[in-house]
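Asker: Input: one structure, supplied below.
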Amino acid sequence: MKKELAGRIALVTGASRGIGRAIAIALAGAGADVAVNYRSKADEARKVCREIEKLGRRGIAVQADVGRTTAVAGLVERVQREFGTVAILVNNAGVGRMRTIEEITEEDWDEMLAVNLKAAFLATQAVLPAMRAAGWGRIINISSVAAQMGGVVGPHYAASKAGILGLMRYYAAHLAREGITVNAIAPGPIDTDMLAALPQLRPDLIPVGRLGTAEEVADAALMLARNGYITGQTIGVNGGRYIS
Ligand code: NAP
């Protein structure tokens with residue numbers, strides 16, 4: 001049976017672990033070849049590629065610190081050279097270093113905004129020329145319930161994740177006629193390494209009574225990758241923590 005995303009090339013930033021890893025594997029399961037970007041955990045990224053290959057798809061691990069402008073350009077250039085036009089871009093890479101009002105510095109702000117927000121802008125701009133020429137594309141930005149509620153990580157995190165939503169809306173409005181949908185997913189507390197560093201997000205504080213799984217977020221990403229009529233939306237995957 002032909003898979004729905006067969007022949008599509010996906011690039012998932014921050015796909016060596018957690019939510020990005022689950023999204024990369026889900027997209028491969030639907031037929032896409034997937035570029036697995038990572039910052040430092042090369043072994044983990046290679047393991048994800050092996051999972052992708054077991055599904056009969058091509059996987060490539062590409063190191064790039066997306067907080068660096070030149071690295072983002074190099075990442076997209078390499079994926080396009082080795083695989084072809086990126087049809088599905090998932091801007092997932094993110095950092096969540098907690099800082100209180102008393103602790104936060106300008107440096108904390110700049111680092112977080114570079115990785116969590118500017119990288120999504122740069123990667124989107126880099127993939128768009130070929131995506132527009134192809135007349136088909138899916139851009140999925142991973143935001144957070146922190147964009148909607150403030151959250152616990154800090155003002156820099158909440159602002160970066162809210163910025164992702166504005167970015168998504170602009171591109172969605174301007175690309176709708178070109179076969180390109182742009183959406184965001186706003187996860188609540190998901191059981192990953194990032195969350196392990198935030199012990200105050202206890203499962204009993206979540207209305208459904210547990211943390212979410214990376215696979216539950218990947219389900220939403222897969223739906224957005226398949227669907228051509230959903231654009232400009234923020235999909236909450238949050239266990240009822242934020243009810244919109
Ligand atoms: P995670 O387990 O900490 O994994 C982070 C991933 O991003 C890793 O693959 C890491 O690569 C990569 N990464 C980090 N900084 C990078 C950089 N500068 N350049 C390239 N890759 C980078 O995080 P997660 O929980 O899966 O979170 C994924 C996304 O979901 C983030 O945007 C996060 O803000 C968002 N989110 C998470 C939650 C949650 O509860 N977990 C909730 C809402 C939103 P290495 O392995 O090489 O370090």
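The values are calculated or read from the model by the stated rules, or taken from the named source; none is laboratory data. Quantities reported herein were computed from a predicted structural model and do not represent experimental measurements. Cβ sites come from the backbone with ideal geometry, for glycine too, and all protein chains shown count toward neighbours.
Asker: Can you confirm whether Ala176 is over 30 Å from Glu102 (Cα atoms) and either at pLDDT 95 or above or buried (at least 23 other Cβ atoms within 10 Å of the Cβ) (or both)?
Answerer: Numbers: over 30 Å from Glu102 (Cα atoms): yes; either at pLDDT 95 or above or buried (at least 23 other Cβ atoms within 10 Å of the Cβ) (or both): yes.
Spelling it out, Ala176 is indeed over 30 Å from Glu102 (Cα atoms) and either at pLDDT 95 or above or buried (at least 23 other Cβ atoms within 10 Å of the Cβ) (or both).
Asker: Test Ala22 against the criterion of being over 17 Å from Val115 (Cβ atoms), within 17 Å of the chain's Cα centre (by Cα), in a helix (DSSP H, G or I) and in contact (Cβ under 8 Å) with a residue 12 or more places away in the chain, and give yes or no. Write out each step before concluding.
Answerer: Details: over 17 Å from Val115 (Cβ atoms): yes; within 17 Å of the chain's Cα centre (by Cα): yes; in a helix (DSSP H, G or I): yes; in contact (Cβ under 8 Å) with a residue 12 or more places away in the chain: yes.
In short, yes.
Asker: Considering the range 90-110 alone, what residues qualify as being buried (at least 16 other Cβ atoms within 10 Å of the Cβ) and either more than 21 Å from the chain's Cα centre (by Cα) or not in a loop (DSSP other than H, G, I, E, B) (or both)?
Answerer: Val90, Asn91, Arg99, Ile104, Asp108, Trp109 - these are the residues of the range 90-110 that are buried (at least 16 other Cβ atoms within 10 Å of the Cβ) and either more than 21 Å from the chain's Cα centre (by Cα) or not in a loop (DSSP other than H, G, I, E, B) (or both).
Asker: Filter the range 197-243 down to the residues that are of a type in the set (Ser, Thr, Tyr) and within 13 Å of the ligand (Cβ to nearest atom), then identify the one that is farthest from Gly20 (Cα to Cα).
Answerer: The selected residue is Tyr242.
Asker: Out of curiosity, is Ala123 more than 9 Å from the ligand (Cβ to nearest atom) and either assigned to a helix (DSSP H, G or I) or within 24 Å of Ala214 (Cα to Cα) (or both)?
Answerer: The answer is yes for Ala123.
Asker: Of everything in the range 53-69 that's assigned to a loop (DSSP other than H, G, I, E, B) and out of contact with any Asp or Glu (no Cβ under 6 Å at 6 or more places or on another chain), which residue is farthest from Asn116 (Cα to Cα)?
Answerer: The selected residue is Gly56.
Asker: Would it be correct to say that Gly239 is under 20 Å from the mean Cα position of the chain (by Cα), farther than 16 Å from Gln148 by Cβ and not in a helix (DSSP H, G or I)?
Answerer: Numbers: under 20 Å from the mean Cα position of the chain (by Cα): yes; farther than 16 Å from Gln148 by Cβ: no; not in a helix (DSSP H, G or I): yes.
So Gly239 does not fit the description; no.
Asker: Next question. Specify the residue that is farthest from the ligand (Cβ to nearest atom); the eligible residues are those in the range 70-89 that are hydrophobic (A, V, I, L, M, F, W, C) and not in a loop (DSSP other than H, G, I, E, B). Lay out the reasoning, then the answer.
Answerer: From the range 70-89, those hydrophobic (A, V, I, L, M, F, W, C) are 71-73, 75-76, 79, 83, 86-89; that's our starting set.
Now restrict to residues that are not in a loop (DSSP other than H, G, I, E, B): 71-73, 75-76, 79, 88-89.
On the way: Ala71: 8, Val72: 9, Ala73: 13, Leu75: 9, Val76: 13, Val79: 13, Ile88: 16, Leu89: 14 Å.
Checked the range 70-89; the qualifying residue farthest from the ligand (Cβ to nearest atom) is Ile88.
Asker: Next question. In the list Arg46, Arg50, which residue meets the criterion of being over 23 Å from Gly212 (Cα atoms), in contact with a strand residue (DSSP E or B) (Cβ under 7 Å, 6 or more places away or on another chain), within 16 Å of the ligand (Cβ to nearest atom) and part of a helix (DSSP H, G or I)?
Answerer: Numbers: Arg50 fails: in contact with a strand residue (DSSP E or B) (Cβ under 7 Å, 6 or more places away or on another chain).
Result of the check over Arg46, Arg50: Arg46.
Asker: Same structure again: Taking only pairs six or more apart or across chains, which ones have beta-carbon atoms under 9 Å, a first residue in the range 108-137 that is at pLDDT 95 or above, and a second residue that is among the aromatic types (Phe, Trp, Tyr)?
Answerer: As it stands, the answer is Met112/Tyr157; Asn116/Tyr157; Thr124/Tyr171; Leu128/Tyr171, since those pairs meet every condition given.
Asker: Examine the range 72-86 for a residue that is closer than 22 Å to Thr192 by Cβ, at pLDDT 95 or above and surrounded by fewer than 18 Cβ atoms within 10 Å (Cβ to Cβ), and state whether such a residue exists.
Answerer: The answer is no; no qualifying residue exists.
Asker: In the range 140-185, what residues are free of Cβ contacts under 8 Å to residues at least 12 places away in the same chain and part of a helix (DSSP H, G or I)?
Answerer: Gly166, Tyr170, His174, Arg177 - these are the residues of the range 140-185 that are free of Cβ contacts under 8 Å to residues at least 12 places away in the same chain and part of a helix (DSSP H, G or I).
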